Structure formats: structure tokens, C-alpha cells
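Notes to accompany the following structure.
The values are calculated or read from the model by the stated rules, or taken from the named source; none is laboratory data. Values in this document were obtained by computation on a predicted structure and should not be read as measured data. Reconstructed Cβ throughout: ideal geometry from the backbone, glycine too, with neighbour counts over all protein chains shown.
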Amino acid sequence: MELVRVILGLIAAVLLPYSIPALRTRTPLALSATGLYAGYALLPVFFSWVSAVLIPLCVASSWVLTSLAKRDEDMQRSPRILVSARVRKFTLAPLGLVGLTTATALAVLGLPEMLGAARELILDDRVMVLISGFLIATFIGGEVVTHMLHPFSAELRKAETEEMAPLKGAGTVIGWLERSLTYIFVVTGRAEAVAVVVAIKALARFPELQANQKRFAEYFLIGTMSSIGVALLAAAVVRVALGEEALN
């Protein structure tokens, strides 16, 4: 289990900043995220030469990837629809204050218990494997799908004549939700619920599909199947690592 923790954790540490638009455009933040998550993955062997070699290697690899990403116009688009000033002011700020107040109360009233529980969670290999699998399926899987679809999306853009432009970054968020739900359903042993995710997406795209736009239909099928496939693969690997059947 410890080896699986390290492998999945380092994969997520290197590729996660590359796969999240808000991180890859900010190199210091991206490298910090890589270093922190790599340290988390290597926590069982943190005070050893292995950690001293692998963490700098992960940070260097992340720097190379984020540098390449800045010159790649085909990356996932940033979902700016989720970080408007109104959202920050009236939603995130109150939630942040509530969270800070709760954390302060817990720290004052039950610091030893809180530290003990946090330590157990951080060192738990199963928790680490589940988190890494979720990040790989949701965010890193998005880049896999984006680059798989690039040849088709370029051709589709030339032919499409939509009356209204899509929301900027909405496709990225939809993909994240699609893969995260698929991952959660499969890991928890409810693989049949993935059909609901596919049905909702198909229903939203039904007008375009009904219009007999063959190119769009093919693009939709390739995108959906590759997105679901990436999430299924990540979930299956995690289930096997946890001693469960790949798909149940």
C-alpha cells in the first residue's frame, strides 16, 4: 500500500499544477503545490535520501510542464465563471469566516484530539490513495481528454454556427464534475450510477444531437467516452490498490 501511495501521489504532484488552469499560470504557486503534495506522498519516508531526491525531481518536472503549458493554446480553459467578485464577496468570504471560527474553536477546546486525528488521516495510506485517485481522475484526466479531442475540436470550430457562444470555461467545469462523480460512484461500489451522469450530459446536448449534426455527435461521443474512461481507469486502479474488485 505504501508503494501505491508514493506512485499515485507523485503522479498527482507533478501533473496536477499542469492540469489546473489557475495553477499552471502561476509558476511559484504551481511549484509550491507540487512540493507540498510530493512531501505528503513521501511522508512515510520523508526523512530519507529517497525523499531528498524525489521531491526536487518532482518540482523540476512540474516546472518543465508548466513552462510548456504556457505556450500550449490547447489546454483546458480557466473556469472563471466560478470566481466572480460577487461570488467571492457574498459566498466565499462568509464560508471562510465560518470555517476559521470552527477551526479556532476546535483548536482551543480539543487540540490534542484534533492533532491526533489529523496525524492519523495524514499517515493513512488508504486516504492518500483515495485522494490521489480523485485528483488524477478529475483534473489530470481533463488534460488527457482535452488533448485527445483537439484534432476534432479544431475541425468542429470551423463548421459550427452557434447563435450563442458557450460560457467561458464551462466545459472544463462540466468535465471535472463528470469525472469526479464517476470516480466517486465507482470507488464506492456504485458503478451503475455512472449511467445517470451520462444521461444528464446527453440530455443537455440533446438539441444539438437531434439536429443531426454528425460532426458534433461524433465529437460528443469521443469526449464523453474518453472522459468516463479516464475516471473509470483511475477508480479501478484505486479499488485494486485497496484490495477490492476493480469494478463491482
Item to check | The lone exception for ALA231 - which of (1) closer than 18 Å to HIS147 by Cα; (2) at pLDDT below 85; (3) of a type in the set (A, V, I, L, M, F, W, C) it fails | outcome: (2)
Checklist entry - Out of the residues in the range 1-43 that are over 16 Å from LEU130 (Cβ atoms) and among the basic types (Lys, Arg), which is modelled with the highest pLDDT? => result ARG26
